[in-house]
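Data block below; observations after.
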Amino acid sequence: MTETSFTDFQAVLKRCGIDLPSYQGNEISVRSPIDGAELARLAAQPAAAMPAVMERATQAFEQWRLVPAPVRGALVRLWGEELRRCKADIGHVISREVGKIAQEGLGEVQEGVDICEYAVGLSRQLHGKTIVSERPGHRIMEQYHPLGPVAVITAFNFPSAVFAWNAALALVCGDPVVFKPSEKAPLSGLATFKALERAIEQFTAQFGNQAPPGLAQIVLGGSGVAEVLVDSPQIALVSATGSSRMGRAVGPKVAARFGKRILELGGNNAMVVTPAADLDLAVRAIVFSAVGTAGQRCTSLRRLIVHRDVKPALLEKLLKAYSSLRIGDPLQNDTLVGPLIDASAFAAMQQAIAQAFQQGGKLLTGGQRLLEQQFPQGFYAAPAIVDMPAQTAIVQQETFAPLLYVLSYEALEQAIACNNDVPQGLSSCIFSNDLREVESFLSAAGSDCGMANVNIGPSGAEIGGAFGGEKETGGDRESGSDAWKQYMRRTTNTINFSRELPLAQGIHFG
């Protein structure tokens, strides 16, 4: 990074509300995957300071839970407005820090705007139920009440949107939030959080001191800070995004203290392409899903399951599309594929390709490092396609890179079985214009993933639907639909408005 571009980036951070000197330290070195340049050196939250963070969140909960939900929604509305106002700058920070192309950086901030709009409407729809009682003169109802402080632990690949998904819902549900961004992308997290802080200031100016101190806090650091949040009984809900390995550590710890959790873990997503598919449409979806964000989405396409009759034609179109991909600096408008996050990500991709060779795979294109002379410390990889004879051990693992395995099938039942025969269960899709094939894929005997799409790739979920998957993906849901219920506690109330005391189940006592 040149001195001029670094100065420009500091100006972007300042517009985002980040006073870099106030966060300076030696524990966290933030480097851009574009060229390896150091963007900042930040201090980590001392372990000794974490009890005070928990206490502030606990105190904030006692006040915030009493604020009417529509008023809480007003705060989230202001946050959405701040995100919209700073969309270009926050998107730039994401691209610089994570390596996403400019359009994807902007799209991630737009997800934050969208979830805020969704949450504002939700603030007037936190509905319970009225239930018919078997006893005369009785009524049963269910209510949802605020749960308690929520910890949000995010991964590098979506450093802004995932925090917004969780925090917007938590805040309208009456819960304070403690945010621990990935140590690989703390600046993007800070930029998103600062927009929330400004919204809280505006909210206070309009509504008085209803937003208590400690309502939203951010803590920077590594796994040690995350462990404190996971272990603390003062944290009612831990929402953690990362690998299945991380989930195996977090889940039991939260369960041991009877806390609630939302785990968004690994994905190994497949697309089934049938003879009834529109191949041109499928190719467009494959390319975006497999190489977007350099294959570093949990919803990236990893496995392409193609009917033998259409495989040659599809691969011909796909290889042609791959040959035209523009790979390079993600801040350039014509770039479609940016860098991997770091050297270890590139090494993991190379190791996976080597194992695929050993297991009978044939490399059709890509896999090599690019632009090494221009960016010696940037790890750009040519998106790879590997034709596999079967769903071998390496295919069943998630490799966070633009690496696509191609598999063949003859009967649809085989394709569905292949889709399901991996430990992960996040997202899946089928390309077909045959109604029977589509409905079979979506049926109880079809895809076992949390998301199953038709004629659209596995990535690019909208905030209106619940996001998440089954099996080693964690089994939990974020964002839309009724995911809000996880941020609240449910209480069942029985009201007797009669002058008698009949017991349920016809019991007579005394």
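Laid out as a table, the results:
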read-out	value
D (Stokes-Einstein, µm²/s), Kirkwood Cα radius, segment 445-495, 0.890 mPa s at 25 °C	189 µm²/s
By accessible area with a 1.4 Å probe, ligands and nucleic acids excluded, highest first: order of Asp89, Asp334	Asp334, Asp89
Space enclosed by the convex hull of the alpha-carbon atoms of segment 468-510, per residue, Å³	168 Å³
Mean projected area (nm²) of the alpha-carbon convex hull when segment 252-341 is viewed from all directions	8.8 nm²
Alpha carbon convex hull of segment 351-424, projected area averaged over orientations, nm²	5.5 nm²
Distance in nm between pseudo-label sites at Ala504 and Glu316 (7 Å out along the Cβ direction from Cα)	6.7 nm
Cα centroid of segment 387-435 to Cα centroid of segment 47-72, whole Å	44 Å
Antiparallel content of DSSP bridges confined to the chain, in %, to 5	40 percent
Net +/- balance of residues flanking Leu331 in space, Cβ distance below 12 Å, scoring K and R +1, D and E -1	-4
Convex hull volume per residue for the chain, taking Cα atoms only, in Å³	173 Å³
Inter-probe distance in nm under a simple model that places probes 7 Å from Cα toward Cβ, at Phe207 and Ser481	2.9 nm
Per residue Cα convex hull volume in Å³ - calculated over segment 122-236	147 Å³
Segment 57-151: trypsin sites (Lys or Arg not before Pro) falling in loop per DSSP and having at most 13 other Cβ within 10 Å	Arg124
Computed over the chain: relative contact order in percent, which uses C-alpha pairs under 8 Å that are six or more apart	18 percent
Normalised contact order of segment 82-147, rounded percent, pairs of Cα under 8 Å and 6 or more residues apart	22 percent
Where only alpha carbons of segment 166-318 are counted, the Rg and the Dmax (Å)	21.3, 67
Per-residue [θ]222 nm for the chain (sum of -39500 (n - 2.57) over DSSP H runs n ≥ 4, rounded to 500)	-12000 deg cm²/dmol
Sites Arg369 and Leu66, calculated FRET efficiency, Cβ-Cβ separation with R0 41 Å, nearest 0.05	0.15
The chain - charge dipole about Cα centre, Lys and Arg +1 at Cβ, Asp and Glu -1, debye rounded to 20	940 debye
Segment Asp421-Val132, extension gain: residue separation times 0.36 nm, minus the distance between their alpha carbons	99.7 nm
Average accessible area per residue (Å²) across segment 178-223 - probe 1.4 Å, nucleic acids and ligands excluded	31 Å²
Out-of-range pairs (alpha-carbon distance over 24 Å; input Lys100/Lys485; Lys362/Lys471; Lys100/Lys253; Lys100/Lys194; Lys184/Lys320; Lys180/Lys485)	Lys100/Lys485; Lys362/Lys471; Lys100/Lys253; Lys184/Lys320
Cleavage-rule hits, GluC sites (Glu not before Pro), segment 408-496, DSSP coil, Cβ neighbours within 10 Å at most 14	Glu410, Glu462
q = 0.16, 0.24, 0.26 Å⁻¹, segment 24-66: log10 I(q)/I(0) [Debye, one scatterer per Cα]	-0.62, -0.79, -0.84
Heavy atoms of Asp434: accessible area, 1.4 Å probe, square angstrom to 10	60 Å²
Accessible surface of the chain, 1.4 Å probe, proportion on carbon and sulfur as whole %	52 percent
When the convex hull of its Cα atoms is projected in every direction, mean area for segment 211-289 (nm²)	9.0 nm²
Accessible area per residue, Å², segment 271-322 with all protein chains present, probe 1.4 Å	34 Å²
Along the chain, longest interval not containing exposed chymotrypsin sites (Phe, Trp or Tyr not before Pro), exposed being DSSP loop plus at most 10 other Cβ atoms within 10 Å	1-257
Relative intensity, log₁₀ I(q)/I(0), of segment 419-474 from a Debye sum that treats every alpha carbon as a point, q = 0.16, 0.21 Å⁻¹	-0.46, -0.78
Förster radius 25 Å - calculated FRET efficiency between Asn496 and Gln59 (Cβ-Cβ, nearest 0.05)	0.10
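The values are calculated or read from the model by the stated rules, or taken from the named source; none is laboratory data. Keep in mind that this is a model prediction, so the values were computed, not measured. Here Cβ is always computed from backbone atoms with ideal geometry, including for glycine, and neighbour counts include all displayed protein chains. Protein only, heavy atoms only, side chains kept; ligands, DNA and RNA dropped before computing areas. Shrake-Rupley method; radii C 1.70, N 1.55, O 1.52, S 1.80 Å.
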